[in-house]
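Chemist: Take a look at the following structure, please.
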Amino acid sequence: DLTVHTNNYNYTLENALTITPTDPIEITSVSPTEGANGTNDLLLTIDIENIDFVDNYATLFNIYFSDSDLSVSDKWVVDSNTLAAYVDISPWTDPGYYDLTVGATGQSGGQWEYDTYSGFEVTQSDWELVSITPNESHRDVQNLQITLQGENTNWGCCGTPQLSFANSSRDHNSSFNVDWVTVNSSEQLTAQIDISSGASYGYRNVTVTS
């Protein structure tokens, strides 16, 4: 109700003002909508309605996926309705669809709002690590240079690839140290590694992330 007070009278208008909630934020588009496993720094653009990221009350935001194998390494505001982010997809991520969620403080400020896009697809990469030369060594070896041959890899396009060794795809082994990696061509790398004296015998998985 709205009431006006004067010296002699009070004037009241019932139901004079209606307070309505703001429309919830909504993800309208994500580009690209897919990425291959093993991809780093995939540039993702997200358009969102009913938000103003330039507004001082709407500057806090977060972007995350439904699986920790997809991680956001950096994020920023493009304009009042658009966010961008670099996404890393682990090489062992299972192909399929994953949820992408954006959280932000609404235009009224303070309260967080969330919306989820359920159509981001992780695809199976078509690149392959074909061979490693030499493919065996002893323990307690320093400065061992190895050559890695790939297929459809396009190494060097997006920075220097990273090399890691593990007993399994999720158990990285500290017995190996990678000194450096050099890109010889889009399908060949040379790396220098050190193998500790305490390394256990057996096979190791080798992963190249680029």
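The values are calculated or read from the model by the stated rules, or taken from the named source; none is laboratory data. Bear in mind the structure is a predicted one, so any value in this text is a computation, not a measurement. Using ideal geometry, Cβ is built from the backbone for each residue, glycine included, and neighbour counts are taken over all protein chains shown. Surface areas here come from the heavy atoms of the whole protein model, side chains and all, with no ligands, DNA or RNA. Shrake-Rupley method; radii C 1.70, N 1.55, O 1.52, S 1.80 Å.
Chemist: Return the residues of segment 5-23 that are surrounded by 10 or more Cβ atoms within 10 Å (Cβ to Cβ) and either touching a strand residue (DSSP E or B) at 6+ places or on another chain (Cβ under 6 Å) or small (Gly, Ala, Ser) (or both); say none if nothing qualifies.
Modeler: Filtering segment 5-23 for residues surrounded by 10 or more Cβ atoms within 10 Å (Cβ to Cβ) gives 12-13, 22-23.
Passing the criteria: 12, 13.
Chemist: Taking interchain pairs and intrachain pairs at least six residues apart, which have beta carbon atoms under 9 angstrom, with the first residue in segment 137-164 and basic (Lys, Arg) and the second open to solvent by 30 Å² or more (accessible area, probe 1.4 Å)?
Modeler: Final answer for the pair search is 139/196; 139/197; 139/198; 139/200; 139/201.
Chemist: Pick from 2, 60: which is farther than 20 Å from residue 158 by Cα, of a type in the set (A, V, I, L, M, F, W, C), at pLDDT below 80 and open to solvent by 20 Å² or more (accessible area, probe 1.4 Å)?
Modeler: 2
Each row is one residue, and each column tells you yes or no for (1) closer than 20 Å to residue 39 by Cα; (2) modelled with pLDDT of 95 or more; (3) aromatic (Phe, Trp, Tyr).
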position: 86; (1), (2), (3): yes, yes, yes
position: 96; (1), (2), (3): yes, yes, no
position: 107; (1), (2), (3): no, no, no
position: 121; (1), (2), (3): yes, yes, no
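Chemist: Let me ask something else about it. Which one of these does residue 96 not meet: (1) of a type outside the set (Phe, Trp, Tyr); (2) at positive phi; (3) open to solvent by less than 10 Å² (accessible area, probe 1.4 Å)?
Modeler: Going through (1) of a type outside the set (Phe, Trp, Tyr); (2) at positive phi; (3) open to solvent by less than 10 Å² (accessible area, probe 1.4 Å) one by one, residue 96 breaks only (3).
Chemist: Can you tell me which residue within segment 185-210, out of those that are of a type in the set (S, T, N, Q) and more than 18 Å from residue 143 (Cβ to Cβ), is surrounded by the most Cβ atoms within 10 Å (Cβ to Cβ)?
Modeler: Of everything passing the filter in segment 185-210, 210 is surrounded by the most Cβ atoms within 10 Å (Cβ to Cβ).
Chemist: Scan segment 144-155 and give yes if some residue there is open to solvent by 80 Å² or more (accessible area, probe 1.4 Å) and at pLDDT 95 or above, otherwise no.
Modeler: yes
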